[in-house]
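Have a look at the structure below, then the notes.
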Amino acid sequence: MFIAHIPSGYIYAVSILKNIKKTKIATHHIILSAVLGAVLPDFDLIYFYLFDHRQTHHHKYITHWPLLWISLALISYAIYACSSQKKLGLLSLITCTSCILHMVLDTVVGDIWWFFPFIDQPFALFTVNALYKPWWLNFMLHWSFALELIICSLASFIYIKRKKNN
């Protein structure tokens, strides 16, 4: 996934707004939490390019471990359910589940180590063959990029519709 993580976070946020109206959390905080979570795993690219010099596949870094985000989502839910910090718990839960959404979307054509660190096996639904240079052109010309364009278009449509209704 190249361009659809932020739009997917927006779609996710808008889709859960109706279910969490009673929380009295500002809509923009919910959207911000989901959008942040949608890109948070890719913050590892800073390390990947500046320090690791592309030696390790960035999907092997801890920020791309689904078990990390699942564990943090469970902790966030516990905070939400069992403490007085309901807002913090819910916003962190939204962020963590949005990170999990990031992993799901990356699994379409990018290797994700779903059971790392216990099993060192990447999973991807489809493979993008290296046919073109530069490398990113392989992804842009692959059919899966149409899925990204659909996600971006849907997010744009929802955004425009919401603005029109407000």
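The values are calculated or read from the model by the stated rules, or taken from the named source; none is laboratory data. Just so we're clear, the structure is a prediction, and the values are computed from it rather than from any experiment. Here the Cβ positions follow ideal geometry from the backbone for every residue, glycine too, while neighbour counts run over all protein chains shown.
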Residue, nearest to the chain's Cα centre (by Cα), within the range 1-22, restricted to residues that are hydroxyl-bearing (Ser, Thr, Tyr) and either surrounded by fewer than 21 Cβ atoms within 10 Å (Cβ to Cβ) or within 20 Å of residue 70 (Cβ to Cβ) (or both): 8
Checklist (1) assigned to a loop (DSSP other than H, G, I, E, B); (2) polar (S, T, N, Q); (3) in contact with an Asp or Glu (Cβ under 8 Å, 6 or more places away or on another chain) applied to residue 56, failing item: (3)
Verdict on residue 89 being out of contact with any Leu (no Cβ under 8 Å at 6 or more places or on another chain), surrounded by 19 or more Cβ atoms within 10 Å (Cβ to Cβ) and either of a type in the set (Ser, Thr, Tyr) or at pLDDT 95 or above (or both): yes
Count - residues of the range 50-79 that are modelled with pLDDT under 95 and of a type in the set (Ser, Thr, Tyr): 1
Among residues of the range 1-58, those that are within 22 Å of residue 142 (Cβ to Cβ) and of a type in the set (A, V, I, L, M, F, W, C), counted: 10
Any hit, the range 23-43, residues being assigned to a loop (DSSP other than H, G, I, E, B), surrounded by fewer than 21 Cβ atoms within 10 Å (Cβ to Cβ) and aromatic (Phe, Trp, Tyr): no
Helices (runs of 4 or more DSSP H) completely within the range 77-166 that count 3 or more residues being in contact (Cβ under 8 Å) with a residue 24 or more places away in the chain and within 22 Å of residue 27 (Cβ to Cβ): 86-106, 144-165
Residues (within 11 Å of residue 9 (Cα to Cα) and out of contact with any Phe, Trp or Tyr (no Cβ under 7 Å at 6 or more places or on another chain)) located in the range 95-104: 95, 97, 102
Number of the condition not met by residue 78 [criteria: (1) closer than 22 Å to residue 42 by Cα; (2) surrounded by fewer than 22 Cβ atoms within 10 Å (Cβ to Cβ); (3) in contact with a helix residue (DSSP H, G or I) (Cβ under 8 Å, 6 or more places away or on another chain); (4) of a type in the set (A, V, I, L, M)]: (1)
Qualifying residue in the range 20-42 (condition: in contact with a Phe, Trp or Tyr (Cβ under 6 Å, 6 or more places away or on another chain) and either under 23 Å from residue 84 (Cβ atoms) or not hydrophobic (A, V, I, L, M, F, W, C) (or both)): no
